[in-house]
Amino acid sequence: MSFMKDISLLVKNNFLSGIDVLSRRAAQITVEIQQGERTNYNKVLDLSSGDLHRGGIKPITFVRQVLAACFYPALLEDDSLPLDVKQRAKILLSECDGGSIGSYTDSSGIAKIKLCVSQYITRRDGGVPSSPDNIFIKSGSQTALMIMLKLLIRSKDSCQTGVLIPVPTYASFTLALEEQGAAIIPYHLCEEQGWTLHVEELRKALLTGRKTCNPVALYICNPGNPTGHIQSRKSIEEVIRFAAEERLFILADEVYQSCVYGDDTEFYSYKKVLSEMGSTISSTVELASFNSVSKGFMGECGLRGGYVELVNLDPAVREYAQRLFSTRSCPPVIGQIALDLMADPPKPGDPSFPTFSEEAQSIKNMICKNTGRIQEVFSELPGISCQPLKAGFFVFPCLHFPPKAIKWAKKRQMEPDMLYCLHLLEETGLHVRPGCEYGQRKDSHHIRLFVATQQDIMEDALQRLKTFHMRFMKEFS
Amino acid sequence: MSENGALPRLGKVLTVDTMNPNVKKVDYAVRGPIVQRAVQIEKELKEGVKKPFEEVIKANIGDAHAMGQQPITFFRQVMALCTYPQLLDDNKFPEDTKSRARRILQSCGGNSIGAYTTSQGIDCVRHDVANYIQRRDGGIPSDPDNIYLTTGASDGIVTILKLLTAGEGRTRTGVMISIPQYPLYSASIAELGAVQVNYYLNEEKCWSLDISELQRSLQAAREHCIPRVLCIINPGNPTGQVQSRQCIEDVIKFAAKENLFLMADEVYQDNVYAEGCEFHSFKKVLFEMGPEYSSKVELASFHSTSKCYMGECGFRGGYMEVINMDPEVKAQLTKLVSVRLCPPAPGQALMDLVVNSPQPGEPSYQTFIKERTAILSALAEKAKLTEEILNTVPGISCNPVQGAMYSFPCIALPERAINAAKAKGQAPDMFYCMKLLEETGICLVPGSGFGQREGTYHFRMTILPPTDKLKILLNKLKEFHQKFTQQYS
């Protein structure tokens, strides 16, 4: 009898989700299809994860050419690669010890790349200075976020450290918080107004939170996942002011910052807005902002390249943060290089620019067309509505279940939207995630749909959803 | 909260007092203050500052490519093909590189290494790893379901430690680790708030492991914690010892008797040089000891793409195999690894190539075997050279470098030097290494960063610089030591 059952309580109490159930069933169905056991559809349509490449989008040519040359520098002698690709690869290789991407790098990332990222941030923020010393590159923004949590969360205290998080929020973040022993303080986004963040809601949540734990951090996801909303400048100011008044550390997850659609939409970084708010606030509010190569039109999730920029950290704490960031040797070099390419893409006049800009633009156009189509299809369906998509890769439509459907789910001891997703998968092969995984207001139900996929795939998905949804609503009316 | 909205009080949310206190104990000597100083000196040299040397030689970190070792051609070709599949049409690439690349891409989402993989790692890679382990261990089966691909071996090691750290105060998990040890262990133990339980390797007997020492250490630890884990690094870092088969059996018996989870760090498994030494995997020995042990002893063994002959540290590729883990605990492990989404796909792909390298008859085989052999034999030569030269220095005594990538010689320090160090608030071997750096540009890591018996001093030096540079390094070191000894006697 293994005594190992007595394992870390923190690990044991981890957030339990239905992730396995749905994904596992999707995998099983794929096998059934391969073995010819299914006739109602010939493949599973996977719109469950925020993975551009898995969804059929091709990687950006310039990125892959530079990476290939870095892997195998003999390609630099090749005529097939454009000049700017070769130049970039040469520069990056010269920054690696021994000229090889196989060497360890500085644990916070290659200096030249951190500089490049800091320059990107400064350009993005219209001139607000950014220092490479405050930038830490990690194996994905998730890793950087977890390290910040490690810094903030005092798991041994009798009074739990609290972190305010939006509802809805993506599932693996909740898992990370639970794993670190943080108390989760949910604040609801306002769905009716396009998933906006109201400071009153933050205030309410904080008041409640203070009764049971010690809130120290406020986590924001902007642009939002799964909601697709983007904060207005005014909203960001209000949040920052709130954080200043209530003494909260802001964790700004901004990984979808380059996926913004619509003529009237603009991304404002927390750092930029902070810098323009008067010297008291701008020099005291502590902020960590996160970005990554996984999102945006690069979609290089598997390369694991992300960074955090720290703003206004206490210098002594910064020293410790540096130490924490440096115990895992270094972030994957290929991921770092991808970050350099994201921060400093081809410019007009560069040989690779035409192809690059075409590829990037076509992805944006595709997403816009997809969301247009989604609204069209939904407008014809009863019991399903969707807030406009402003940014990011997902929509989070609301399902208005008839009471009969709710009863049925209760009998089956499952969340209604989870049951909906399971049946949707079973009957049409469409795999999307249920809202219960992300959190939602009581008695509200949602699904999360990935929209950064090719138009014909989106059309196929919408048809499957339409067919199923009509049948479902009719059956439970 | 003030009424007019002004800040009620200044001062940070996150201060040294409000942050997680465990963070204060985190230290990682390999990249510590001596490396920071080395980097500073490099900058100064670049700026034209005059020094008694022309370059800084970083013999502190186990990074082969940084020291000029060339990557294996086959690996890099396949990686280029995986990254930019257009190259599959290029006839400069041999057919076996293309078939490997196609196979890897087929198992990636959207046929791209840019897609997320499952958090346990790409299926076909885990299968290939299991097959490799089976071949390596003379046919003992390996289940792909027990294989977890990781972001370097460090990721796997920390994950397992996290899983096993529980309890409070006197019931807190104790983690047994060798002294000297690779400081990832001490840093992680500190970070997780587990209890570090030291067992001393025997320097007189070439850093061997004595069961009696394990017993002593365990007994003492039981007074203040619950020892649950026994970590072994074989071949050893920093010591380079390669454990004998008998020793491994004895350790397994000990772990079985005392109910300890075994963590076998085997990242240097191809780096074995000394005559009469051979790598024995813990798994193989465990299973050859019969079901009494093989069905009960819980074991996690770790491997990586960073060492051996590959030296691909920057890829962050690795795996761990977990044996006899309680199914409930294993379910928790699977959940734990899902929090960080997935290990880097390029590292997973590279791991696949390492365990599935060119076979005789394949087009890339000749070149591959030539490159691999050259690297390993150069390392063996340098291991011997290092031991020989260091042992000619009065006051330095170096055990044979049986394996891995380092020498960890014992240095005699004069009383005056020890006092001078203490006056500066520095460990005596740190004081020595700092002086060495300032006067010769050679960057080593002081033994205090790895742990050593009280009153003894060491440094860790890699054997990775190219042979001619290594000779220069060793002779400079010899000169320095003699000068230093004289200066402080």
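The values are calculated or read from the model by the stated rules, or taken from the named source; none is laboratory data. Values in this document were obtained by computation on a predicted structure and should not be read as measured data. We place every Cβ from the backbone using ideal geometry, glycine too, and count neighbours over all the protein chains shown. The accessibility values were calculated without ligands, DNA or RNA, using every heavy atom of the protein model including side chains. Shrake-Rupley method; radii C 1.70, N 1.55, O 1.52, S 1.80 Å.
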So between residue A:283 and residue A:21, what do we pick up on full extension, going 0.36 nm a residue minus the alpha carbon distance?
89.6 nm
Short version: ³J(HN,Hα) in whole Hz for each residue of segment A:123-131, in order, from phi by Karplus 6.51 cos²θ - 1.76 cosθ + 1.60 (θ = phi - 60°), x for Gly and Pro, what are they?
5, 4, 9, x, x, 5, x, 9, 9
Leaving out ligands and nucleic acids, and using a 1.4 Å probe, what accessible area per residue does chain B come to in Å²?
37
Name the residues whose placed amide hydrogens come within less than 5 Å of the amide hydrogen of residue A:187, ignoring near sequence neighbours (fewer than 5 apart) on the same chain.
A:165, A:167
Rounded to the nearest 0.05, what FRET efficiency is calculated for residue A:207 and residue B:468 with R0 set to 51 Å and r the Cβ-Cβ distance?
0.15
Difference of contour (0.36 nm per residue) and Cα-Cα distance, residue B:486 to residue B:244
83.1 nm
Ordering of A:133-140, B:364-371 by burial proxy (mean other Cβ atoms within 10 Å per residue, highest first)
A:133-140, B:364-371
Roughly what would the spin-label model give for residue A:322 and residue A:74, points 7 Å off Cα along C-beta, in nm?
4.2
Two-site label geometry, residue B:359 and residue A:364: point separation in nm, points 7 Å out along Cα→Cβ:
5.0
Sequence-distant residues sharing a close amide H with residue B:179 (under 5 Å, placed H):
B:199, B:200, B:201
Students often check this: by mean Cβ neighbours within 10 Å, which of B:48-57, A:247-256 ranks highest, and how do the rest follow?
A:247-256, B:48-57
Percent carbon-and-sulfur accessible area, segment A:104-343, ignoring ligands, DNA and RNA, probe 1.4 Å:
50
Over the Cα atoms of segment A:37-89, compute the convex hull volume and normalise it per residue, giving Å³.
138
Heavy-atom accessible area per residue - chain A, 1.4 Å, Å²:
38
Leaving ligands and nucleic acids out of the surface, order B:489, A:444 by accessible area at 1.4 Å, largest first.
B:489, A:444
Yeah, segment A:390-449 with a ≥ b ≥ c from its alpha-carbon gyration tensor (a/c under 1.5 is rounded, else prolate when a/b outruns b/c, oblate otherwise) is oblate
What do you get when you divide the Cα radius of gyration of chain B by 2.2 N^0.38 Å, with N the number of residues?
1.03
What average number of partner chain Cβ atoms lie no more than 10 Å from the Cβ of the residues making up B:63-76?
5
Computed helical MRE - 222 nm, chain B, DSSP H runs ≥ 4 contributing -39500 (n - 2.57), nearest 500
-13000 deg cm²/dmol
Given a Förster distance of 22 angstrom, what is the FRET efficiency for residue A:471 paired with residue A:376, based on the Cβ-Cβ distance and rounded to 0.05?
0.65
Points 7 angstrom from Cα along the Cβ direction at residue B:367 and residue A:407: gap in nanometres?
7.2
So what does log10 I(q)/I(0) come out to for the protein assembly as shown at q = 0.06, 0.09 Å⁻¹, using the Debye formula with one equal point on every Cα and no solvent?
-0.43, -1.01
Return the long-range amide H neighbours of residue A:249 (sequence gap of 5 or more, or a different chain), with a cut-off of under 5 Å between placed amide H atoms.
A:217, A:218
Projected area of segment A:104-343, taken from the Cα convex hull and averaged over every viewing direction, in nm²?
12.5
Evaluated at 4 °C and 1.567 mPa s, the Stokes-Einstein D of chain A based on the Kirkwood radius over Cα pairs, in µm²/s, stands at 54
How big is the charge dipole of the protein assembly as shown about its Cα centre, in debye rounded to the nearest 20, if each Lys and Arg gets +1 on its Cβ and each Asp and Glu gets -1 on its Cβ?
1300
Mean Cβ neighbour count within 10 Å, used as a protection proxy, ranking A:43-52, A:405-414 highest first
A:43-52, A:405-414
Relative contact order in percent for chain B (Cα pairs under 8 Å, 6+ apart) equals 21
Could you compute the FRET efficiency for residue B:37 and residue B:202, with r as their C-beta to C-beta distance and R0 at 30 Å, rounded to 0.05?
0.35
At a threshold of 8 angstrom on Cα-Cα distance, excluding pairs fewer than six apart, so keeping six or more, what relative contact order does segment B:116-355 reach in percent?
26
Using a 1.4 Å probe on the protein heavy atoms, what percent of the accessible area of chain B belongs to carbon and sulfur?
50
Calculate, in whole percent, how much of the Cα-Cα pair population of segment B:198-253 lies beyond 13 Å.
61
Across peptide B:147-158, how many C-beta atoms of other chains are within 10 Å of each residue C-beta, on average?
2
Just the projected area, averaged over all directions, of the convex hull on the alpha carbon atoms of segment B:116-355: how many nm²?
12.2
Per the charge dipole of segment B:116-355 (beta-carbon charges, Lys/Arg positive, Asp/Glu negative, Cα centre), the residue among B:303, B:214, B:131 reaching farthest to the positive end is B:214
Under the definition of Cα pairs under 8 Å and six or more residues apart, what whole-number percent is the relative contact order of segment A:104-343?
27
Estimated buried accessible area (total), pair A and B, 1.4 Å, Å² to nearest 100
7600
Using a 10 Å cut-off around each Cβ of peptide B:325-332, what is the average number of partner chain Cβ atoms that fall inside?
4
Nearest-5 percent of antiparallel DSSP beta bridges in the protein assembly as shown?
50
